[in-house]
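Since the structure comes first, as structure tokens, the remarks are kept for the end.
The values are calculated or read from the model by the stated rules, or taken from the named source; none is laboratory data. Since the structure is predicted, the reported quantities are computational estimates derived from the model, not experimental observations. Cβ sites come from the backbone with ideal geometry, for glycine too, and all protein chains shown count toward neighbours. Surface accessibility is based on the protein's heavy atoms, side chains included, excluding ligands, DNA and RNA. Shrake-Rupley method; radii C 1.70, N 1.55, O 1.52, S 1.80 Å.
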Amino acid sequence: LSMFLAYTMLLAGYLNRRLPFFMSLAMNSFFLILSLFILNHVLKVGPIRYWLGGWRPPWGIEYVVDAMNAYLLVIVISMIILGLIYSRDNVRHEIEGKKHPTFYTLVQLMAAGLYGITVTGDLFNMFIWLEIASLTAYALIAVAGGRALRPAYNYVIMGSIGAVLYIFGVCWLYSVTGTLNFGDMRLLLPLVYDNKAVQMGFAMIVVGIMIKAYIFPLHLWQPDVYTYAPSTISSMMASVHVKVMFYILLRMFY
């Protein structure tokens, strides 16, 4: 829904530049209501599992919502909504009027990526959502133009390095365990903790996500992003983007 809405907003923006803001705010408010129902279900009944396309794990992609990411989903959607409310007046001063539909389209796509990271139970599917969230973040930093272009370019380079390390790490783990499913891997990895490929894969994933989450000492490129990006995007990245990346690390460790 979030991804479909993003492209619909882009088309609607050609008719009226104000429509994308209201469409995004309304849809994410609807998502917040749904996420509260999900949280209530998880707390009362237990985790929710969904097999994409009906394919059973470990061969298919599984979405899993437990108490941890159910809470996170509510928090992420709430912060996206607050960021959108803040953006209404702010964007007018920082971004050209003709770019407003593009801006809200990218915000909605970034939100879709963050939502996907939060609920997926598959390592490769997480990579897909991670890149959707990252690619749109690069564009959102650059959308203001001018001095924001260089930090955006630096972010592209560092983010790409992080993505490559992550996917290489996933490949190493898959080569040993034969699965990409979190639940399966949790059962199989303790048997092969001493395997060099597993250790290398884990190290690559951790370093890759540390770059994405700009965790010390891999953060030196980040201050310029906060300085020159539109303030709406700086606030969203600081409050939501980096926290979802940290959530990935928690999933990998535990």
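Hand me the list of helices (runs of 4 or more DSSP H) wholly inside the range 1-110 holding 1 or more residues that are touching a strand residue (DSSP E or B) at 6+ places or on another chain (Cβ under 8 Å) and surrounded by fewer than 21 Cβ atoms within 10 Å (Cβ to Cβ). Break it down stepwise before answering.
On the way: elements: 2-15, 19-44, 67-94.
Helices (runs of 4 or more DSSP H) meeting the threshold: 19-44.
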Flagged in the range 154-192 as open to solvent by 50 Å² or more (accessible area, probe 1.4 Å), touching a helix residue (DSSP H, G or I) at 6+ places or on another chain (Cβ under 8 Å) and of a type in the set (Ser, Thr, Tyr), in numbering order, are 174, 175
The one condition residue 179 fails out of (1) touching a residue at least 24 places away in the same chain (Cβ under 8 Å); (2) assigned to a helix (DSSP H, G or I) is (2)
Members of the range 163-203 found to be modelled with pLDDT of 90 or more and small (Gly, Ala, Ser), listed by number: 163, 169, 175, 197, 201, 203
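So which of 168, 202 ends up being of a type outside the set (A, V, I, L, M), closer than 27 Å to residue 47 by Cα, assigned to a helix (DSSP H, G or I) and free of Cβ contacts under 8 Å to residues at least 60 places away in the same chain?
On the way: 168 fails: closer than 27 Å to residue 47 by Cα.
Residue meeting the stated conditions: 202.
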